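Worksheet: the structure to be examined is printed underneath.
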Amino acid sequence: MKEPKKYLEAIYKEQSKEGSASTSFLARDLGVSPPAVTDMLKNLESKGLIDYESSKGAKLTDIGVERALGVIRRIVYGRDF
């Protein structure tokens with residue numbers, strides 16, 4: 001299973017383009033199965049990082065956007081531990 005930060009990054013990028021990130025997009029983008037994506041989305045939603053509806057996909061909450069931007073900044077600046 002991919003780390004939650006990979007999901008946040010992928011959702012942020014897709015949400016910026018499409019408004020939300022579908023389960024099928026995330027599965028393709030991250031190279032995991034759709035059921036694994038669904039499990040992680042439910043986990044992220046329980047932490048208040050995303051809003052998720054199976055028919056509409058995932059959207060980051062304000063807190064989720066902050067976390068995703070933190071992940072992206074660490075990658076850009078080479079400080080991803």
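Here are the numbers for this structure:
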item	result
Failed criterion for ILE72 (all others in (1) at pLDDT below 95; (2) in contact with a Lys or Arg (Cβ under 8 Å, 6 or more places away or on another chain) hold)	(2)
Residue check for GLY64: surrounded by 12 or more Cβ atoms within 10 Å (Cβ to Cβ) and among the small types (Gly, Ala, Ser)	yes
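For every residue, the table says whether it meets (1) among the polar types (S, T, N, Q); (2) loosely packed, with under 12 Cβ neighbours inside 10 Å; (3) in contact with a Ser or Thr (Cβ under 6 Å, 6 or more places away or on another chain); (4) not in a helix (DSSP H, G or I).
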| site | (1), (2), (3), (4) |
| --- | --- |
| ALA10 | no, no, no, no |
| SER24 | yes, yes, no, no |
| ASP39 | no, no, no, no |
| ARG73 | no, yes, no, no |
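The values are calculated or read from the model by the stated rules, or taken from the named source; none is laboratory data. Remember, predicted model here, so these are calculated numbers, not experimental data. Cβ atoms come from the backbone with ideal geometry, glycine included; neighbour counts cover every protein chain shown.
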